[in-house]
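J.: Quick one: structure below, then a few questions.
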Amino acid sequence: DENGQLVADDIVGQTRRTIENVRTCLAAAGCGLEDVLKVTAFLDDMGDMAAYNEVYKEYFTEPYPARSTVGVSLPGGLRVEIEAVARRPTPGPSRSPSTTVASTCLPGWWGATRRPIWRSSASSARAR
């Protein structure tokens, strides 16, 4: 949350919060989830993959962005970290791509910078 506290202990809650944080990062760069080209997810426990996928499908629809999922050791109760690469659409009806935006979000991080490309560390529930 905005105080740096873990928002949820389970993979479902942390995944939801992390994707919402990705959405916030993208919005700060003039993009939305529909502009995401690739997602890289880092899971603390690969046994959480099925639950992670269920939440992922609530936010992304076919054709899904390209995706990689990696099993890692995350600190402090974090269960998921998500990195997204998106295209920044050109203003106007065509919405053709003009700039690539990359963002890494954690469940507790909700701030965003306004630079075209950034990396922010804030996973499942802690602000940094």
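The values are calculated or read from the model by the stated rules, or taken from the named source; none is laboratory data. Keep in mind that this is a model prediction, so the values were computed, not measured. A quick note on method: Cβ atoms are made from the backbone with ideal geometry, for glycine too, and the neighbour counts reach across all protein chains shown. Note: areas computed on protein heavy atoms with side chains; ligands, DNA, RNA excluded. Shrake-Rupley method; radii C 1.70, N 1.55, O 1.52, S 1.80 Å.
J.: Per residue, how many Å² of accessible area does the range 1-55 show with a 1.4 Å probe? Write down the numbers at each step before the final one.
T.: Details: 2360 Å² over 55 residues.
Value for the range 1-55: 43 Å² per residue.
J.: Further question on the same structure: Along the Cα-to-Cβ line of residue 58, 7 Å from the Cα, sits a label point; which residues in the range 6-40 have backbone N less than 12 Å from it?
T.: Under 12 Å, as judged by backbone N against the label point of residue 58, lie 11-20 of the range 6-40.
J.: Figure the gain on full extension for residue 12 and residue 40 (residue separation times 0.36 nm, minus the Cα-Cα span) and round it to one decimal in nm. List each step's numbers first, then the result.
T.: Details: separation 28, 0.36 × 28 = 10.08 nm, distance 1.69 nm.
Gain on stretching residue 12 to residue 40: 8.4 nm.
J.: Within the range 1-54, report the GluC sites (Glu not before Pro) that DSSP leaves as loop and that have at most 12 other Cβ atoms within 10 Å. Kindly include the intermediate steps, with their values, before the conclusion.
T.: Details: sites: 2, 20, 34, 54; in loops: 2.
Loop-located and lightly packed - 2.
J.: If amide hydrogens are placed 1.01 Å from N in the peptide plane, which non-local residues have theirs closer than 5 Å to the one on residue 67?
T.: Here the answer is 39, since their amide H atoms fall under 5 Å of that of residue 67.
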